[in-house]
Amino acid sequence: MRILGIESSCDECAAAVVEDGRRILSNVVMTQIPLHQRYQGVVPEVASRAHTEWIMGVAEKALSDAGFQPDDIDGVAATAKPGLIGSLVVGLSFAKAFAWARKLPFKGINHMLAHLYAPQLVERVDYPFIGLLVSGGHTIICRADDFDTIEVMGTTIDDAAGEAFDKVAKHYGFGYPGGLAIDQLAEKGDPRAFKFPLPSLHKGEHRYDVSYSGLKTAVIHHLSSYQRPGAAMTPENIAASFRKAAIDTLLSRLYRTVADTGITTVVAGGGVAANSYLRRELEARVDLRVLFPPLALCGDNAAMVAGLAWHYFQRGETDNWDIVPNSRVSDFKWRPQK
Ligand code: KG4
Ligand code: ZN
């Protein structure tokens, strides 16, 4: 079954054709980074306007890269949530119209489940596993029992992981988007130059939750208080020390989840899963089976949308034409009952 996937939840306008949930026949991602660079952040109105202008061309390219005509497609899927509402409307409406005109099955997709599915476009993995979903808008540590059944165990109580990277980078003018800019600077810096405070591990209900507000305040407002004697105050050192603190915060909660559940397979997804320190640390754990998406599938893309949709279609699950976008993740099960 050849599925056309559409992704427009934030600042990437993307379309892809994937066969039978795994074989990527085309994968077109047109980024809006240059449009938002001058604002150092995604401007929702600018994003939805660009999606409106680009979506047709991006979808046409995905079809032609796959060597297909529109009538060669057997099913259509688009990101329906979560994301910027104006951006979601564009991709979802386009995809519904494409499917409706050809009487094809249609499925609206949860963007976070699609990120979690991304590594499986390349490698199979058995359930259950622990998912680490880290992007610009979300930080979720979860238990996944199926492609659509996840239980959120930990989340952030303030900023998302990617958001913390973006805010620190914006403050110091390290570059846009911030996560990649900090990661690249950090490779040349000393992670011990600054000893930033890590949020304490809680007991009980919040035991897997992370927080970035304390770290962000320390890095942005009290930098010199955490400088080690003799360490240079360079962008590289700030980036390396911040990156280590931000990622170590995630890892401590993730390892706790692994220890408590006894589940030793970890699947990472989302833009922050591209972080080189995070990848190195997790890949060094011989006691865990760790799956990362290839770098090209870490950020927003439509191959993960088309790939995941196939599993719903296999079950005979489709959506009606009245499906509407939702800016929030609304259908996850939150917190295991202890
Ligand atoms: O998944 P994504 O492309 O879009 C959302 O759904 O949010 O994630 C974007 C986020 C941004 O915050 C970006 O700064 C961060 O992922 N990011 C990184 C890296 N590459 C992208 N964060 C840390 N290290 C990276 N190498
Ligand atoms: Zn994303």
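The values are calculated or read from the model by the stated rules, or taken from the named source; none is laboratory data. Computed from a predicted model, the values in this text were never measured in an experiment. All Cβ positions, glycine included, derive from the backbone under ideal geometry; neighbour counts span all protein chains shown. Please note that ligands, DNA and RNA were not included when accessible areas were found on the heavy atoms of the full protein model with its side chains. Shrake-Rupley method; radii C 1.70, N 1.55, O 1.52, S 1.80 Å.
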task: Answer yes or no as to whether residue 80 is touching a strand residue (DSSP E or B) at 6+ places or on another chain (Cβ under 9 Å), touching a residue at least 40 places away in the same chain (Cβ under 8 Å) and aliphatic (A, V, I, L, M).
output: yes
message: Please return the ranges of helices (runs of 4 or more DSSP H) entirely within the stretch 106-216 where 2 or more residues are away from ligand 1 (no atom under 11 Å from the Cβ).
response: 111-117, 161-172
- request: Report, by residue number, each residue of the stretch 93-105 that is part of a loop (DSSP other than H, G, I, E, B) and in contact (Cβ under 8 Å) with a residue 60 or more places away in the chain.
  value: 105
So residue 249, is it open to solvent by less than 80 Å² (accessible area, probe 1.4 Å), free of Cβ contacts under 8 Å to residues at least 60 places away in the same chain and under 15 Å from residue 275 (Cα atoms): yes
- prompt: What residue, of 223, 185, 198, is crowded, with 21+ Cβ neighbours inside 10 Å, of a type outside the set (Val, Ile, Thr) and at negative phi?
  reply: 185
query: Restricting the search to the stretch 201-220, which residues are touching a residue at least 60 places away in the same chain (Cβ under 8 Å) and surrounded by 14 or more Cβ atoms within 10 Å (Cβ to Cβ)?
result: 208, 210
- line: residue 127: passes all of (1) closer than 19 Å to residue 30 by Cβ; (2) open to solvent by 10 Å² or more (accessible area, probe 1.4 Å); (3) touching an Asp or Glu at 6+ places or on another chain (Cβ under 6 Å) but (1)
